[in-house]
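Peer 1: Take a look at the following structure, please.
Quick note: the coordinates plus some simple rules give every number you see, no bench work behind them. Note that the coordinates shown come from a computational prediction; the quantities given were computed from them, not determined experimentally. Cβ sites come from the backbone with ideal geometry, for glycine too, and all protein chains shown count toward neighbours.
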Amino acid sequence: MTQLIKKLCAGWKHKKERYKKRVSLNMGETEQRPTAGSRLGAQENAGISTLEHGQKPPMTPPGKLISIKIQMLDDTQETFDVPQRAPGKVLHDAVCNHLNLVEGDYFGLEFPDHKKMMVWLDLLKPVMKQIRRPKHVVVKFVVKFFPPDHAQLQEELTRYLFALQVKQDLAQGRLTCNDTSTALLISHIVQSEIGDFDETIDREHLAKNKYIPQQEALEDKIMEFHRSHMGQTPAESDFQLLEIARRLEMYGIRLHPAKDREGTKINLAVANTGILVFQGHTKINAFNWAKVRKLSFKRKRFLIKLRPDVNSSFQDTLEFLMASRDFCKSFWKICVEHHAFFRLFEEPKPKPKPVLFSRGSSFRFSGRTQKQVLDYVKEGGHKKVQFERKHSKIHSIRSLTAQPSEQHTESSSFACGDDSDAAAVQSSRQGKELKASTEDTGQHKSPSLKKSPKEGRKVDGAVVSTVEEEEEAAKDRMQQNRPQSQQPSTGSLTGSPHLSELSINSQGGPSVANMSLSPNLSPDAKQSSPLISPLLNDPSCIRTEEEEDVKRKRFPTEKAYFIAKEVATTERTYLKDLEVITSWFQSAVSKEDCMPETLRNLIFSNFEPLHKFHTGFLKEIEQRLALWEGRSNAHIKGDYQRIGDVMLKNIQSMKQLTIHLWKHNEILIELENGIKNSRKLETFCRDFELQKVCYLPLNTFLLRPLHRLMHYKQIMERLCKHYPPSHIDFRDSRAALAEISEMVAQLHGNMIKMENFQKLHELKKDLIGIDNLVIPGREFIRLGSLSKLSGKGLQQRMFFLFNDILLYTSRGLTASNQFKVHGHLPLYGMTIEESEEEWGVPHCLTLRGQHQSIVVAASTRAEMDKWTEDVQMAIDLAEKSSGPAPELLASSPPDNKSPDETTVDQESEDDLSASRTSLERQSPHRGNTTVHVCWHRNTSVSMIDFSIAVENQLSGNLLRKFKNSNGWQKLWVVFTNFCMFFYKSHQDNHPLASLPLLGYSLTIPSESENIHKDYVFKLHFKSHVYYFRAESEYTFERWMEVIRSATSSASRTRALSHKEPHAY
């Protein structure tokens, strides 16, 4: 018996050795095979779209490779080689990897089975068991899951593929609609393919390209619509195309023939909302997921078991008869997948295997849910790539044509294993060199680059191109000395339709005319990227540790000196802010005849005296610091090592300027009235905000003199607290504190009203669908991102809370990036309650108004508590008021849907027209304001936070280091409005880059991070890490204090006096 066991073990061991040899042979063969060619002109990317960041592809059994032909959405065919026993997930991931598609979970692979019935490829089953004759089958890569809102598609490439799917559905007659809608859809397709309207070119193009049968009858209408799309980029055309298509009843619908119990012929379909019933192409019924209790099939019968509802006339179980068991099971699988993708938070776990025998199907959804996809893309743990639009003759700013490789392989090999994975990762990181030439804004700009939604971004008013090139460039420079891959991969430019972590200033909206990507450029031959500031990445800017340490030792070390130095550094920034009005804005106004003479005199006659005074004030402070540091008159002793006397003298002189400070309220109101009454002035001010010097909203600069008084008061408080009463500078410092405190007390009430007025007007620019947001007595309380529960599931919405009303909006990826108001709830008579158990959604709240109720969910418990406290406070204020708020919305009706409502958006010519005209009304400069930061970081900000941010402003030099970089880089940093703005020096007129800090964590580096330097703090948000080093203990504590005010919540308890409303 023992010998028998030994023989069996020896045989098993021999088989195991043969298996290992075969694995190594297959892996060795795979390494030599060329990787997938980049058909869309993008680099190879080792990241697999359906895996979480950092995970590897699933291990697949080695063996003989089979070739699978895949037909892409642009009608090209690619061949992929996969092992025979590889699951469908391997093939799906290979296609997504080939396309560099991050949001690949929305797509699926479709093929005809042995009965010629179109079925979806099961990601868990082996490919060979599903595709019996791969040589004779063409698998189609198509959209599988259509989200309720195309704004949820974060990547431009994803929206482009969705647009191709719409184009394909139109041609095949699957997407049916009336002639007007059809012509409008085709006009957007034509705009994306050939650019702006030209009658001759349009007729030639429509003659060569048939988008629908009998297209000739609609050609005039198509060209009429196309004429109205002037200046629209391909990315905007895709967005508008999807905006129109999603309103159509047949959008994303695949009909499955069936019969009801009476034998009537009907069609069943599944969508993100639930199961739909059609008669012909007309929807006659819908069963929302919230009402469906169970789905099952028995032979040819498809069964829907509904939740009991006393108000419903439906039976408990509905039965439909389909053509065969295979048809029935196929439709059941699709329903299961749609329910899991749109309704679940994470992929369902597999059922435990039965001990003896199984009952029912073991099929389950495999892959990430929509929520996981959205979270992954927002986290930004991937690198964006460029792509080529196959049918388009023009390219948007992020769709630059990559240089085609000399050798293009139609066959793409894919095999799994640790070695091949490592090789793929290495090859995807090599050869990433960027060749770019840029033009100034004054030079010619192609119309196709005119209004890209990603072209101009704005952080609270400053135009920037939102990228993360600095961090990526630091990594790329470390890899430039590595050997180049034999198979060159195309370089890429990082960009994102959502908020990136580091923002680089552009030249008032970048003009990139000649930008080509080359895989084999040497660093010497490479021109600098317009998105990578040479000032922030120049190696000569990186200071050595010894140089900084020597310089630090030369200066005084006492705390009073650094307090005085803070006065100087913040005064430099304040003077630059005044120059935005007195120099830049005044110069622009003088060239344009758009501002009334009275308004012009009112503004500049009150700001010029302030600028003149603070120029002299700064000069005195710098002279005193020079004496203190010993840089001049070094023989003088310590009589000048103080700042209180300088502060007292200038604060007393500043009192004479109070008359100008009282005028700022009038200036702000008159400027907003002028903008409201003059389209020319509105356009002028909007264009001025596009300039790099205007890094904040224009009206914020008008409030800077009042904010500066508060800074003086805080600085003098710290100085008096530091000095002992016997100090030579104590008496002057205390007198200066008394003088400035008196000025602040006089102007504080006026400043509070102006801040609220300014914030309402700033929010008005971010919203569309509302006219009378700014009314007397209205106070802003909080804004932030919440998920609203509806018939379509949880949908991200932006909420705006005021003292009388609550607005909820959605974001559009148009040229303006504004938020469209969906509805509002008056706070008068509203109640709020937690409802996690009722709806089964974490951090859930139910807001019950007098006429409607909504259910919302916050991202965290802390966020839910903030909203609960502020909404309850606002309700209490509304109850004390005279009555309900006036009607608020101007163009968008309130969304009165309850969470259980089953209706979906219907096609409407008015809606289609509104989607066209809304783009024309939008201003192109709105980008990453605080509202957009909250949207992408899934957080919220209150008016208290804004007020604290006003008090916590700071300027000075910091040393910065990336996570993967070696040296420290010296930068001039300005912190204001929850954001860090970076300059090369304090003399620069505009910031080079910016970093919004909402959502970031502020910590001290740990020992394992090997920083080993004093006064270093760490900022990190998910995968983004930055280190900053201060020059002293005092400045380190000050930076920690002000940044913490932006990264952590303030106390929200406050008393809003309704007795003193803000009257304008």
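Peer 1: Any chance you could check the Cα centroid distance between the range 957-993 and the range 997-1052 for me, in angstrom?
Peer 2: 14 Å
Peer 1: Please give the net charge around Leu709, taking every other residue with its beta carbon less than 15 angstrom from that of Leu709, where Lys and Arg add +1 and Asp and Glu add -1. Kindly include the intermediate steps, with their values, before the conclusion.
Peer 2: Numbers: positive: Lys655, Lys663, Arg704, Arg708, Lys713; negative: Glu571, Asp577, Glu717, Glu739, Glu742, Glu755, Glu951.
Net charge around Leu709: -2.
Peer 1: Quick one: which of Lys69/Lys144; Lys64/Lys144; Lys89/Lys144; Lys591/Lys612 span more than 21 angstrom between C-alpha atoms?
Peer 2: From Lys69/Lys144; Lys64/Lys144; Lys89/Lys144; Lys591/Lys612, over 21 Å: Lys64/Lys144; Lys591/Lys612.
Peer 1: Using the Karplus equation 6.51 cos²θ - 1.76 cosθ + 1.60 (θ = phi - 60°), what ³J(HN,Hα) coupling, rounded to whole Hz, does each residue of the range 251-265 give in order, writing x for Gly and Pro?
Peer 2: Result, ordered by residue: 5, x, 9, 10, 7, 10, x, 7, 9, 8, 5, 7, x, 6, 6 Hz.
Peer 1: Separation between the Lys208 and Ser653 pseudo-spin-labels, each 7 Å from Cα along Cα→Cβ, expressed in nm?
Peer 2: Reported label-point gap for Lys208 and Ser653 is 7.2 nm.
Peer 1: I've got another one for you. Could you sort 827-839, 736-748, 966-978, 233-245 so that the peptide with the highest average Cβ count within 10 Å comes first and the rest follow in order?
Peer 2: On the way: 827-839: 15.4, 736-748: 17.6, 966-978: 21.0, 233-245: 26.0.
Per-residue mean Cβ counts within 10 Å order the peptides as 233-245, 966-978, 736-748, 827-839.
Peer 1: Of the listed pairs Lys788/Lys820; Lys115/Lys300; Lys294/Lys378; Lys265/Lys300; Lys371/Lys759; Lys129/Lys792, which have alpha-carbon separations greater than 24 Å here?
Peer 2: Lys294/Lys378; Lys371/Lys759; Lys129/Lys792
Peer 1: Continuing with this model, one more query. If Lys and Arg each add +1 and Asp and Glu each add -1, what is the summed charge of the other residues whose beta carbon sits under 11 Å from the beta carbon of Met223?
Peer 2: Numbers: positive: Arg203, Lys221, Arg227; negative: Asp198, Glu199, Asp202, Glu219, Asp220, Glu224.
Around Met223, the charge tally is -3.
Peer 1: Over the range 957-1058, calculate the relative contact order: mean separation of alpha carbon pairs under 8 Å at least 6 apart, over the residue count, as a percent.
Peer 2: Relative contact order for the range 957-1058 comes out at 24 percent.
Peer 1: Place a +1 charge on the Cβ of each Lys and Arg in the range 142-211 and a -1 charge on the Cβ of each Asp and Glu, then give the dipole magnitude about the Cα centre in debye, rounded to the nearest 20.
Peer 2: With Lys and Arg at +1 and Asp and Glu at -1, about 420 debye.
Peer 1: Starting at the first residue of the range 128-143, write each ³J(HN,Hα) from the Karplus equation 6.51 cos²θ - 1.76 cosθ + 1.60 with θ = phi - 60°, in whole Hz, x for Gly and Pro.
Peer 2: 5, 6, 9, 9, 6, 10, x, 5, 10, 10, 10, 8, 9, 9, 9, 6
Peer 1: Kindly list the residues of the range 552-596 that lie in the label zone of Lys619, defined by a backbone N under 11 Å from the point 7 Å along the Cα-to-C-beta vector.
Peer 2: none
Peer 1: Can you order the peptides 793-806, 162-175, 842-855 by their average number of other Cβ atoms within 10 Å per residue, highest first?
Peer 2: So the peptides 793-806, 162-175, 842-855, ranked by packing, come out 793-806, 162-175, 842-855.
Peer 1: If you don't mind, there's one more thing I want to ask. Which Cα, out of Asn178, Val138, Gln191, lies furthest along the positive dipole direction of the range 128-201 (beta carbon charges, K/R +1, D/E -1)?
Peer 2: Of Asn178, Val138, Gln191, it is Val138.
Peer 1: Let me ask another. To the nearest 0.05, what FRET efficiency results for Asp375 and Leu303 with a Förster distance of 45 Å applied to their C-beta separation? Before the final figure, lay out the partial values.
Peer 2: On the way: r = 34 Å, r/R0 = 0.75.
It comes out at approximately 0.85.
Peer 1: Set the Förster radius R0 to 56 Å, insert the Cβ-Cβ distance between Thr264 and Ser67 as r into 1/(1 + (r/R0)^6), and round the FRET efficiency to 0.05.
Peer 2: The computed FRET efficiency comes out at 0.80.
Peer 1: Express in whole angstrom the spacing between the alpha-carbon centres of the range 763-790 and the range 60-139.
Peer 2: Their Cα centres are 47 Å away from one another.
Peer 1: Which order do peptides 1036-1044, 202-210 fall in by mean Cβ count within 10 Å, highest first?
Peer 2: Highest-to-lowest ranking by the protection proxy: 1036-1044, 202-210.
Peer 1: If r is the Cβ-Cβ distance from Met118 to Glu346 and R0 is 22 Å, what FRET efficiency results, to the nearest 0.05?
Peer 2: Efficiency, from the Cβ-Cβ distance: 0.15.
Peer 1: Excluding Tyr1034 itself, calculate the net charge of residues whose Cβ lies under 10 Å from the Cβ of Tyr1034, where each Lys or Arg counts +1 and each Asp or Glu counts -1.
Peer 2: Working: positive: Lys559, Lys565, Arg718, Arg1038; negative: Glu558, Glu566, Glu1031, Glu1033, Glu1037.
Around Tyr1034, the charge tally is -1.
Peer 1: Output wanted: per-residue J couplings in Hz (rounded whole) for the range 942-948, from phi through Karplus 6.51 cos²θ - 1.76 cosθ + 1.60, θ = phi - 60°, x for Gly and Pro.
Peer 2: Per-residue couplings from phi come out as 9, 5, 4, 4, 5, 5, 5 Hz.
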